[in-house]
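The values are calculated or read from the model by the stated rules, or taken from the named source; none is laboratory data. Because the structure is a prediction, the values reported are computed rather than measured. Using ideal geometry, Cβ is built from the backbone for each residue, glycine included, and neighbour counts are taken over all protein chains shown. Just the protein is used for accessible areas: all its heavy atoms, side chains included, with ligands, DNA and RNA removed. Shrake-Rupley method; radii C 1.70, N 1.55, O 1.52, S 1.80 Å.
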Amino acid sequence: MAIVAGNWKMALGVGESVELARKIASFASDANYPHTEIWIAPSPPCLGAVSPIVQNTPVKLGAQNAHWELKGAFTGESSVPQLKELGCSFVIVGHSERRHIFGETKGDIAKRAHRALIEGLTPVFCVGETEKEREDGKTALIIAEQLSPFLELIKETSSYANFVVAYEPVWAIGTGKVANVEQIEEAHGVILDLLGEALDKTSIPVLYGGSVKPDNFSEIISIPNVSGALVGGASLDSEKFRKLVEIAEERA
Ligand code: PEP
């Protein structure tokens, strides 16, 4: 099963989000994509309005972050129970914008993902190196440093298999630069090795993210250890997003 997940970031207003969700729900319901899951993550103020649009359609709703506590004095944060109440079934954690713009630490990101996991919200755990880290030959090390605190926490969790990892090289996000096949294959191999060492089973989907577009996705989704994509820019255009879903479906 492939996953094509759209991260809408803070790009759209409430009305625009509803409009885009309608178009995506419509193509997802009209066509049959038995091998591809369609996920969308609107920004928090849009979740309530988008939720009824995708309810009872093949489109899964998700959030862009969640706090590790269930409730309390955490201004500006969303809790996992709140997101579930809104109809979310997944949550993105550790996106590079959270790490690099908002200074979220590896430990806090692990706690966010762990809370989501134990409350039954699938975390999409993002990892990825900066351009400098790649140039310095540190890609594998950075991925291990980002993923390990989460893997440590979930060792004690019985439902540990229900999460997704997204490999998103920071230098490829929103830049138009795409990692090449060798770079993606290698990074996904590192992630799958880490998962294999930490967990009994390694059926965790690993998505690629970073300037995925219809004209480069066929090559990316053909890489055997790629299970789909986390998409920013191209997920805001329903036609491009539909094309990505169709490309994923063709591979299956
Ligand atoms: C992202 O923000 O997760 C992302 C991959 O963005 P883009 O597709 O625009 O590079």
With Rg and the Kirkwood Rh both taken from Cα atoms, where does Rg over Rh land for the chain? 0.93
Round to the nearest 10 and report in Å² the accessible area of Glu145, as given by a 1.4 Å probe over the protein chains' heavy atoms. 80
Judged on accessible area alone, 1.4 Å probe, highest first, Thr75, Thr139 line up as Thr75, Thr139
Ordering Leu192, Leu121 from largest to smallest accessible area (1.4 angstrom probe), what's the sequence? Leu192, Leu121
Post the alpha-carbon centroid distance, segment 115-142 to segment 174-219, in whole angstrom. 11
Whole-Hz Karplus couplings 3J(HN,Hα) for segment 127-137, θ = phi - 60° and coefficients 6.51, -1.76, 1.60, Gly and Pro as x, run 9, x, 9, 7, 4, 5, 5, 5, 4, 7, x
Per-residue ³J(HN,Hα) for segment 5-19, Karplus 6.51 cos²θ - 1.76 cosθ + 1.60, θ = phi - 60°, Hz, x for Gly and Pro: 10, x, 9, 7, 6, 10, 7, 10, x, 5, x, 5, 5, 4, 4
What does the net charge come to around Gly232 if you take all other residues with beta carbon closer than 10 Å to its beta carbon, with K and R at +1 and D and E at -1? -1
For segment 124-164, which trypsin sites (Lys or Arg not before Pro) are both in a DSSP coil and crowded by at most 16 other Cβ atoms within 10 Å? Lys138, Lys155
The long-range amide H neighbours of Gly6, using H built 1.01 Å from N in the peptide plane and a cut-off of under 5 Å, are Trp39, Ile40, Ala41, Val231
In square angstrom, rounded to the nearest 10, how much accessible surface does Phe74 have for a 1.4 Å probe? 90
Taking all protein chains as present, what is the carbon and sulfur share of the accessible area of the chain, in % to the nearest whole number, probe 1.4 Å? 50
Mind checking the per residue accessible area of the chain for me, 1.4 Å probe, whole number of Å²? 44
Among trypsin sites (Lys or Arg not before Pro) in segment 162-241, those in a DSSP loop whose Cβ has at most 10 other Cβ atoms within 10 Å are Lys201
Could you check the spin-label model distance between Ala140 and Asn225? Points 7 Å from the Cα along Cα→Cβ, value in nm. 1.0
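Output the peptides 220-229, 95-104 sorted from most to least packed, where packing is the average of other Cβ atoms within 10 Å over each peptide's residues.
The packing order, highest mean first, is 220-229, 95-104.
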